[in-house]
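Working notes for the structure below.
The values are calculated or read from the model by the stated rules, or taken from the named source; none is laboratory data. Note that this is a predicted model, so its numbers are computed, not measured. Every residue, glycine among them, receives a Cβ derived from its backbone with ideal geometry; neighbour counts consider all protein chains shown.
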Amino acid sequence: MRSILPKILILLLLSFALASCKTAPPKPFGACPTPQQVEWQKMEINMFCHFGPNTFSGAEWGDGKEAEDLFNPTHLDCRQWAKIAHNAGMGGIIITAKHHDGFCLWPSKQSTHTVAFSSWQNGKGDVLRELGEACSDEGIAMGVYISPWDRNAPSYGTEQYNKTFQQTLEEVLSQYGATGKDGKRRIFEQWFDGANGEGPNGKRQEYDWHLFNSTVARLQPDAVIFSDVGPGCHWVGNENGEAGETCFSTLNTEGFSPGASSPHTDTLNHGNRNGQHWIPAETDVSIRPGWFWHEGEHPKSLDELLRIYYTSVGRNSLLLLNVPPDRRGLIAAEDSIRLMEFRSALDSIFGTDLAQKATITASSTYGRKHEKNYRAENLLDADYDKYWAASDRDSGQTVLKLTFDAPVTFNRITLQEYIPLGQRITHLSIAYIDTDGKRHRLTEATTVGYKRILLTPTVTAKQLTICIDETLAPPIMNRVGLFMDNIYNAQ
Ligand code: FUL
C-alpha cells in the first residue's frame, strides 16, 4: 500500500499537468493580412466622394484647362456627408482630393489649379480640412484619392513630376485626416488610380510607384494603399460592384504595376489561389451612373444596392460606394434616402441570426479534447478573435453540423474564415434535413475569406451540414450565420 500511494500521486499530478497544458495556437498559412488590413476589411462598406470641377462642368474627366472659378459649391457641408455615411453604417469617406484634371480641393503649394485660386470662399476654402473635421466629429475615418494622372501639371511627363507628386502626397498626408484620440490626423486609405493618360504637353508619365508608396508608408504607416496591385488592397477589375464568386485575398504582383501593366481584370476579379501577397479586393462602384454628380442622373434602386452588397461584401471584398455631392456641396436627398433604405434593409435582413439557435459540432477540432479555445461553439460567438480550427492532422473533409430543436427558415448563409491566420477554404458544399427528415443538397461554394454570403432558396431545416471538402490548409473559421431576407428576392 505504502509503495503504491506515491505512484498514484505522481500519476495524478502528471495527468493534471497534462490537462492544464495548452496547445500552441494554429500557425498562420501562406500570405496573411497585417492588423491594419484586418481592421480595414472589418469596415465592410465605405463611402467614395467624387467632387471637383467635374461636378460643375458635367464632365467625368476634366481636361485641366477649366477655370478655377468653376469650382463654386454654394452650401458645402462635409458634416452632412459624414453624418450620412455614419448613419448608413459606413466606416469612412474617401474623397477625390485631386482627380485627373489636377484641381486640388486644398490650397496646394504644388499647383495653381486649386481652391486657393478660385473665388470660392475668397480663395480661403479647404475641402480636405472641412472633411477631416467632419469625419473626426462623426467618429469615422478619412481617406484620399489622389490621381497621379494630372492633365494640368506643366511638368507632367518629366522626372520632375514624380517629385512634385511626392510633395503633393507629403502635403495631404501630413496635414489632413480624421483626428484620433491621440490627436494625430489619420488617413485610413490612400487611393491610387491606375489611369495614365497624356498630360497638358501630350506626354505620358513613368510613375515612380516606389517613391509614392514609400511616401505614404512614411507619413501614414497605418494607411492601406489601394491600386490595381496594392500593396494594401486591389481593384476588383470592374466598376459594376462585382467581385468574383471565387475571390482570393492573395495576389501575385511580381512583374506588374498599376494601370496598363496590371494583371488581367479577370485575375483582379478572382485574386490568385495561394498567391504571394495578402492584397484583398476592393469593389468600387457608384450609386449613380457617373462617378461625379450630373444633372438628371439618379441613384440606383434599393434592389440594385442589395445586389451589389451581396456581390461585393458577400464575396470577400470591401464595398467602396461612391455617393457624389452635388453643386451645392451636399449629398442629394434622394441619395441619402436610398442609403438609409439600404441600411435599414441590411439591419432587418442581418438583425436576427438564426444560427444562434443551433447546437453546433465539428467533425474535427484543433488541440486536445478538453481544450475549449478552438471549439465549434466559437462559430456562434460574436467575438471576432474566437475561432474554430480543424485539427492540423486533418486532411480531406471537415463537417460542421448545426442542429435545431425547432426548425428554422432561412435563405442566406454567412461564413467567415479567421483571416489573421490566412485564407484556406477552396470548396465546400451545404446540405440540410427538412422537417420530414429528408436530406437535400442546398448549395456549394469555392472561396470564403473574410466573409462569404450564400444566397439560397428559402428552406426550413432541422439540421444543416457544411462540408468543407477542399482546402489549402486545415480550415479555421470564426463565424457561421443564418438569415432570412424578405427584401431582395433574387437568388
Ligand atoms: C477611374 C477614373 O478614371 C474614374 O474617373 C474614377 O475616378 C474611378 C474611380 O477610377 O480610374
Taking VAL408 as meeting all but one of (1) more than 21 Å from THR246 (Cβ to Cβ); (2) touching a Phe, Trp or Tyr at 6+ places or on another chain (Cβ under 7 Å); (3) part of a strand (DSSP E or B), write down the number of the exception.
(2)
Number of positions in segment 334-376 that are of a type in the set (D, E, K, R) and either part of a strand (DSSP E or B) or more than 26 Å from TYR310 (Cα to Cα) (or both):
5
Scan segment 258-281 and tell me whether some residue there is β-branched (Val, Ile, Thr) and in contact with an Asp or Glu (Cβ under 8 Å, 6 or more places away or on another chain).
no
In segment 20-69, residue surrounded by the most Cβ atoms within 10 Å (Cβ to Cβ) [restricted to those that are outside any helix (DSSP H, G or I) and charged (D, E, K, R)]:
GLU66
So is LEU339 more than 16 Å from the ligand (Cβ to nearest atom), surrounded by 17 or more Cβ atoms within 10 Å (Cβ to Cβ) and within 30 Å of PRO73 (Cβ to Cβ) or not?
yes
Confirm whether PHE188 is outside any loop (DSSP other than H, G, I, E, B), surrounded by fewer than 23 Cβ atoms within 10 Å (Cβ to Cβ), among the aromatic types (Phe, Trp, Tyr) and touching a residue at least 60 places away in the same chain (Cβ under 8 Å).
no
Taking segment 448-480 as the region of interest, how many residues are outside any loop (DSSP other than H, G, I, E, B) and of a type outside the set (Val, Ile, Thr)?
14
Mind listing just one residue for me: the one in segment 251-270 that is assigned to a loop (DSSP other than H, G, I, E, B) and within 13 Å of the ligand (Cβ to nearest atom) and, of those, surrounded by the fewest Cβ atoms within 10 Å (Cβ to Cβ)?
SER262
Considering only segment 118-133, I want to know if a residue exists there that is within 19 Å of GLY62 (Cα to Cα), in a helix (DSSP H, G or I) and within 26 Å of the chain's Cα centre (by Cα).
yes
Selection count, segment 419-460, where residues are exposed (fewer than 15 other Cβ atoms within 10 Å of the Cβ) and either farther than 29 Å from LEU319 by Cβ or at pLDDT below 95 (or both)
9
Six or more apart or on different chains, Cβ under 6 Å: which pairs go from a residue in segment 94-111 that's assigned by TED's automatic domain parsing to the domain that holds ALA223 to one that's assigned to a strand (DSSP E or B) and of a type in the set (Asp, Glu)? Could you list them?
ILE94/GLU189
Determine the pairs where a residue that is surrounded by 16 or more Cβ atoms within 10 Å (Cβ to Cβ), located within segment 70-82, has a partner that is part of a loop (DSSP other than H, G, I, E, B) and charged (D, E, K, R) with Cβ atoms under 9 Å apart, the partner being 6 or more residues away or on another chain.
ASN72/ARG327; PRO73/ASP326; PRO73/ARG327; PRO73/ARG328; LEU76/ARG328; ASP77/ARG328
Would you tally the residues in segment 40-69 being more than 30 Å from GLY139 (Cβ to Cβ) and away from the ligand (no atom under 11 Å from the Cβ)?
11
Please find, within segment 271-291, the residue that is surrounded by the fewest Cβ atoms within 10 Å (Cβ to Cβ) out of those that are under 14 Å from ASN46 (Cβ atoms) and among the hydrophobic types (A, V, I, L, M, F, W, C).
VAL285
Can you confirm whether GLY241 is buried (at least 22 other Cβ atoms within 10 Å of the Cβ), touching a residue at least 60 places away in the same chain (Cβ under 8 Å), part of a loop (DSSP other than H, G, I, E, B) and not aromatic (Phe, Trp, Tyr)?
yes
Could you list, in sequence order, the residues of segment 109-127 that are of a type outside the set (Val, Ile, Thr) and crowded, with 24+ Cβ neighbours inside 10 Å?
HIS113
In segment 80-101, anything part of a loop (DSSP other than H, G, I, E, B) and either away from the ligand (no atom under 11 Å from the Cβ) or β-branched (Val, Ile, Thr) (or both) is listed as ALA88, GLY89, MET90, GLY91
Could you grab me the full set of residues in segment 102-135 that are small (Gly, Ala, Ser) and more than 16 Å from the ligand (Cβ to nearest atom)?
SER108, SER111, ALA116, SER118, SER119, GLY123, GLY125, GLY132, ALA134
Within segment 137-169, residues being within 25 Å of the chain's Cα centre (by Cα), away from the ligand (no atom under 16 Å from the Cβ) and farther than 23 Å from ASP77 by Cβ number 1
Those residues of segment 292-310 which are crowded, with 20+ Cβ neighbours inside 10 Å and more than 22 Å from ILE453 (Cβ to Cβ), in sequence order:
PHE292, TRP293, PRO299
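Residue-by-condition table, conditions (1) within 16 Å of the ligand (Cβ to nearest atom); (2) touching a strand residue (DSSP E or B) at 6+ places or on another chain (Cβ under 9 Å); (3) among the polar types (S, T, N, Q); (4) not in a strand (DSSP E or B):
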| position | (1), (2), (3), (4) |
| --- | --- |
| ARG273 | no, yes, no, yes |
| THR283 | yes, yes, yes, no |
| PRO289 | yes, no, no, yes |
| TRP293 | yes, no, no, yes |
| GLU297 | yes, no, no, yes |
| ARG307 | no, no, no, yes |
Any chance you could count how many residues in segment 139-183 are at pLDDT 95 or above and part of a loop (DSSP other than H, G, I, E, B)?
16
